[in-house]
Amino acid sequence: MRCEEVRDHLASCVDCRAERNELDALWGALGDLPLAETPSSRMRERFSAMLAAERASTNLRPASRGDRRDMWTPRRMVREPLVQAALAASLLLVGVLVGRTSLGTTNGSSQSASAVADITEVRQELRDMRQMLTLSLLQQQSATERLRGVSWTSQIDQPGNEVVSALLDTLLHDPNVNVRLAAIDALRRVSDRSDVRAGTRRVVGDTSAPLLQVAAIDFLVETRDPDGPALLRALVDDRRTDEAVRGRAQWGLERLAS
Amino acid sequence: MRMSRLLPMGACSLLLIGGLAYAQSTPANQVTVPFSDPTRPGTVKVSLIRGSITVKAGTARDVTVTTTAEADGRGDLDRGPRDRDRRDDAPSTQGMRRLTKPAGVNVEEENNVITVSSDVMTRAEVIVTVPAATSLVLRAVNGGQVLVDGVNGSIDVTNVNGAIRLTNVGGPVTAHATNGRVTATLKQVAAGKPMAFTSFNGDVDVTLPASTKANLKLRSDRGDVYTDFDVKATQPPPRTAQQDRGRDQRERDRVERDRDPDKDKDKGKYRIEVDRSVYGTINGGGPDFELRTFNGDVFVRAAK
């Protein structure tokens, strides 16, 4: 597989080009993940001590399943530099595989079904990795990175449970209004889920962020939430609610009634 | 004063000295705080319940915090006793103890994060000078603007009852003012980073470098959206749409560009009328930028 061939192919094939752009984005995201801090000598000592203690104890009993699960949640995993490196390496492999298989399929129509299966598998891996990166971004300190995590979710075809609950968590608890606003918007495409609806209903009453309240009112109206009229009525009647928010709630009530 | 009579003389005179020092009001205080690791860009967090925040980029590697704090604790409308202190005919406070808390602005450094905070009773004007690459997390609630000039690190600003004004900044920004205008001029845009500028009661006015690549999401519920960028309208992202509000709503969502050359020639702008969000790309698209307000107009300007 020569360089020009790949380049030529990329120039002509929309799918592969899109795939490549996505890979580029993933690479960028991997590179931007903050590095773990350089361990101090004290930390190293503590680690040695911990290791020794751990060794002593594992001689006595094997690590319980619970322990292991605790250590290897995907969110924690992506923060490990080693895992990040491994991710990067496997990504390279995925890239090569994608390049090869998609080149292969265009070369001849007599490709075996296994090639198709390969592609499916590779796509699945890509999707899993993207989910993992998204989850890791949503946990970042910086609001910009969390915002990026939220906008990444829109690139996941069918966001899994973990991504949706991370988005819900962001909507309800993120300290930044803009990140929450982006989250409610991202959740609009999974608004048929009952947990998403329940989460949005909770935001409607959050008087600390009127802009978010308005977005939640829109969400209720858009999804024709059966509890919508009652919630909006309560907002309209509550004197503590911002004047403009009450106006929007009134508008929502009229829309839902029609 | 019954208590002080019970106190031994020594303690009494100490209190007196303290009281005198205090009576000399609250001059501007300045502290210089170094980052523990100046080779890495640090973070400055400022949280004020009452007061204004100004952050400027400086050339020093340290952070300088200048504060004017007034521990009046009685709100802006009832400043009588404090003003009295400054007048010549003010009643003497000599020999009396002040029972209100000392003016409190705390500055702490930990792990390359400098935190400036005030207690609820204190009204403070805080001016911070930082290295240009510093990241900022700024929170204000009452009684002041938040101003940032020349900072290139990431900027995260929230102001409840006041404006946000960012000039000459270069980092990714997220800014939200509940009751105030958000104005931002970016001299450069961090590649691939999403941004958000939002207000509830106020205009959102953002100036970007003309070559900025972004996917814009623009919305004003009660106002209009203006730009002089060449915005290519795009479809809103897919969602589990309700059938009954499908096409009709989308038609209304569509951008109406009023390119009347006579009317807007002098401004070089065209007007986008919105019912709901406007989605579009500039310079071929890029990260998501959200500009949104409820009561106000949205402006996206290309820097000249």
query: Do any residues in segment B:283-298 that are more than 10 Å from chain A (Cβ to nearest Cβ) and under 18 Å from B:THR207 (Cβ atoms) have Cβ atoms under 6 Å from those of residues that are assigned to a loop (DSSP other than H, G, I, E, B) and open to solvent by less than 20 Å² (accessible area, probe 1.4 Å), where the two are at least six apart or on different chains, and which pairs are they?
result: B:GLY296/B:GLY202; B:GLY296/B:GLY223; B:ASP297/B:GLY223
field: segment A:137-151, residues that are crowded, with 23+ Cβ neighbours inside 10 Å and farther than 24 Å from A:PRO210 by Cα
entry: A:LEU137
- prompt: Quick one: in segment B:206-218, which of the residues that are in contact with a Phe, Trp or Tyr (Cβ under 7 Å, 6 or more places away or on another chain) and open to solvent by less than 10 Å² (accessible area, probe 1.4 Å) is nearest to B:SER135 (Cα to Cα)?
  reply: B:VAL206
- prompt: Residues B:ALA175, B:ALA184, B:ALA196: which one is more than 8 Å from chain A (Cβ to nearest Cβ), assigned to a strand (DSSP E or B) and buried (at least 22 other Cβ atoms within 10 Å of the Cβ)?
  reply: B:ALA184
- prompt: Is it true that some residue in segment A:210-223 is in a loop (DSSP other than H, G, I, E, B), surrounded by fewer than 14 Cβ atoms within 10 Å (Cβ to Cβ) and within 10 Å of chain B (Cβ to nearest Cβ)?
  reply: no
statement: Those residues of segment B:109-128 that are crowded, with 21+ Cβ neighbours inside 10 Å and within 18 Å of the chain's Cα centre (by Cα) come to a total of 7
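Considering only segment B:252-282, how many residues are more than 13 Å from chain A (Cβ to nearest Cβ) and at pLDDT 50 or above?
Residues in segment B:252-282 being more than 13 Å from chain A (Cβ to nearest Cβ) and at pLDDT 50 or above: 4 in total.
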statement: Cβ pairs under 9 Å, 6+ apart or interchain, first in segment A:236-258 and assigned by TED's automatic domain parsing to the domain that holds A:LEU212, second crowded, with 16+ Cβ neighbours inside 10 Å and of a type in the set (Phe, Trp, Tyr), ordered by first then second residue, are A:ASP242/B:PHE200; A:ALA244/B:PHE200; A:ALA244/B:PHE294; A:VAL245/B:PHE200; A:VAL245/B:PHE294; A:ARG248/B:PHE294
- request: Filter segment A:173-202 for residues that are under 17 Å from B:HIS176 (Cα atoms) and outside any loop (DSSP other than H, G, I, E, B) and give the result.
  value: A:HIS173, A:VAL177, A:ASN178, A:VAL179, A:ARG180, A:LEU181, A:ALA182, A:ALA183, A:ILE184, A:ASP185
message: Which condition from (1) modelled with pLDDT of 90 or more; (2) open to solvent by less than 20 Å² (accessible area, probe 1.4 Å) is the one that A:ARG197 breaks?
response: (2)
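Results for (1) without any contact (Cβ under 8 Å) to a residue 24 or more places away in the chain; (2) assigned by TED's automatic domain parsing to the domain that holds A:GLU22; (3) of a type in the set (Val, Ile, Thr); (4) more than 23 Å from A:ASN176 (Cα to Cα), shown as yes or no for each residue.
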residue: A:ARG123; (1), (2), (3), (4): yes, yes, no, yes
residue: A:GLN131; (1), (2), (3), (4): no, yes, no, no
residue: A:THR134; (1), (2), (3), (4): no, yes, yes, no
residue: A:LEU137; (1), (2), (3), (4): no, yes, no, no
residue: A:SER151; (1), (2), (3), (4): no, no, no, no
residue: A:ASP157; (1), (2), (3), (4): no, no, no, yes
- line: In segment B:280-304, residues that are among the hydroxyl-bearing types (Ser, Thr, Tyr) and surrounded by 20 or more Cβ atoms within 10 Å (Cβ to Cβ) total 1
query: over 13 Å from B:PRO237 (Cα atoms), out of contact with any strand residue (DSSP E or B) (no Cβ under 9 Å at 6 or more places or on another chain) and open to solvent by 10 Å² or more (accessible area, probe 1.4 Å): does that describe A:PRO159?
result: yes
- prompt: Is there a residue in segment B:209-224 that is away from chain A (no Cβ under 11 Å), among the β-branched types (Val, Ile, Thr) and not in a loop (DSSP other than H, G, I, E, B)?
  reply: no
- prompt: Which numbered condition trips up A:ARG255, out of (1) in a helix (DSSP H, G or I); (2) within 14 Å of chain B (Cβ to nearest Cβ); (3) within 23 Å of the chain's Cα centre (by Cα); (4) surrounded by fewer than 21 Cβ atoms within 10 Å (Cβ to Cβ)?
  reply: (3)
- line: Residue set B:ASP230, B:ASP205; condition part of a loop (DSSP other than H, G, I, E, B) and among the charged types (D, E, K, R); output residue B:ASP230
- prompt: Can you name every residue in segment A:169-186 that is crowded, with 22+ Cβ neighbours inside 10 Å and more than 9 Å from chain B (Cβ to nearest Cβ)?
  reply: A:THR170, A:LEU171, A:ARG180, A:ALA183, A:ILE184
query: So A:ASP206 fits all but one of (1) crowded, with 22+ Cβ neighbours inside 10 Å; (2) more than 22 Å from the chain's Cα centre (by Cα); (3) of a type outside the set (Val, Ile, Thr); what number is the exception?
result: (1)
message: For segment A:148-166, check the following and say yes or no: at least one residue is facing chain B (nearest Cβ under 9 Å) and not small (Gly, Ala, Ser).
response: yes
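The values are calculated or read from the model by the stated rules, or taken from the named source; none is laboratory data. Note that the structure is a prediction, hence the values are computed from the model and not measured. Cβ sites come from the backbone with ideal geometry, for glycine too, and all protein chains shown count toward neighbours. SASA here: full protein model, heavy atoms, side chains in, ligands and nucleic acids out. Shrake-Rupley method; radii C 1.70, N 1.55, O 1.52, S 1.80 Å.
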